[in-house]
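Taking it in order: structure first as structure tokens, then the write-up.
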Amino acid sequence: MYKTQAEAAEFMRGFMPELEKTPKGREVVLCVPFTALNTMSRSLHGSFVRLGAQNIHWEDAGAYTGEISGSMLTEIGVRYVIVGHSERRQYFCETDETVNRRLKAAQRHGLIPILCVGETKQQRDAGETEALIVSQLEKDLVKVDQQQLVIAYEPIWAIGTGETCETLEANRVIGLIRSQLTSPDVPIQYGGSVKPDNIDEIMAQPEIDGVLVGGASLQPQSFARIVNYQ
């Protein structure tokens, strides 16, 4: 929940010139608040940067005050949508059942969902990481097309805390996630205190295909350094 439309436009003025040195073939997706989507859609027109939303409702229309439907997103050029982010699960009572329904709604509208899974500090300390991840995937991916999907592993204890999951451990858990999928081609990201000073090490790991960036994406130069990792 950052950036007004004016602030988003200012961000783009600083960010887009940095992409002139981005290696070809890299995918960049900006998942912005609903109020900034239209502004960003116009700013990104003709560029290789894709637009994403931060949530989607499972129904196409109805009495769901405060929610947004797939057709409302696709109309303004949205291509991706985050589903099941840990903050949605933690603060807004998102469950694996509602995550599954949102995933299917996104795909029904031609959107590529970015499914977030991950454990709390308490669950990790109790040795429950693997069982929890497997359980989340089993419930979340029922009747979901894995050909149109991105998964993000976000250890909740590493989000916004400055505490990053060790890269080898992140790589191990992402390997576990991959072993649970029917499609080996699903891009799997790491998310959790990703910063310019750790991006190169993270992206050197063989199982990690990309990153889901939080706070470090708010400054154009900081995010550009992550996009242009070495």
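Scanning the range 156-193 for residues that are in a helix (DSSP H, G or I) and of a type in the set (A, V, I, L, M) turns up 156, 158, 168, 170, 173, 174, 176, 177. Restricting 144, 194, 150, 173 to residues that are touching a Lys or Arg at 6+ places or on another chain (Cβ under 9 Å), among the aliphatic types (A, V, I, L, M) and either within 30 Å of residue 110 (Cβ to Cβ) or in contact (Cβ under 8 Å) with a residue 12 or more places away in the chain (or both) narrows the list to 144.
Residues in the range 70-127 that are on the phi > 0 side of the Ramachandran plot and either at pLDDT below 95 or surrounded by fewer than 17 Cβ atoms within 10 Å (Cβ to Cβ) (or both): 77, 93, 110, 127.
Find the residue count for the range 198-230, including only residues that are within 19 Å of residue 21 (Cα to Cα), assigned to a loop (DSSP other than H, G, I, E, B) and either at pLDDT 95 or above or touching a Leu at 6+ places or on another chain (Cβ under 7 Å) (or both). So the count comes out to 3.
Just wondering, is there one or more residues in the range 62-69 that are hydrophobic (A, V, I, L, M, F, W, C) and over 27 Å from residue 138 (Cα atoms)? So far as the range 62-69 goes, yes, one or more of its residues are hydrophobic (A, V, I, L, M, F, W, C) and over 27 Å from residue 138 (Cα atoms). Close contacts from the range 213-230, counting a first residue that is closer than 22 Å to residue 156 by Cα and a second that is surrounded by fewer than 18 Cβ atoms within 10 Å (Cβ to Cβ) and aromatic (Phe, Trp, Tyr), with Cβ to Cβ under 8 Å and a gap of 6+ residues or different chains, come to 218/2.
For the range 197-210, the criterion of being under 20 Å from residue 147 (Cβ atoms), in contact with a Phe, Trp or Tyr (Cβ under 9 Å, 6 or more places away or on another chain), buried (at least 16 other Cβ atoms within 10 Å of the Cβ) and among the small types (Gly, Ala, Ser) is met by at least one residue.
When the range 182-196 is limited to residues that are under 18 Å from the mean Cα position of the chain (by Cα) and either surrounded by fewer than 16 Cβ atoms within 10 Å (Cβ to Cβ) or β-branched (Val, Ile, Thr) (or both), the one that is nearest to residue 133 (Cα to Cα) turns out to be 188. The residues of the range 131-168 that are closer than 17 Å to residue 208 by Cα, of a type in the set (Asp, Glu) and surrounded by fewer than 19 Cβ atoms within 10 Å (Cβ to Cβ) amount to a single one, 166. Among residues that are surrounded by fewer than 19 Cβ atoms within 10 Å (Cβ to Cβ), of a type in the set (S, T, N, Q) and under 30 Å from residue 9 (Cβ atoms), residue 179 is not included.
Residues considered: 14, 84, 46, 77. Of these, the only one that is in contact (Cβ under 8 Å) with a residue 60 or more places away in the chain and of a type outside the set (D, E, K, R) is 14.
The values are calculated or read from the model by the stated rules, or taken from the named source; none is laboratory data. Computed from a predicted structure; not experimentally measured. Glycine gets a Cβ as well: all are built from the backbone with ideal geometry, and neighbour counts include every protein chain shown.
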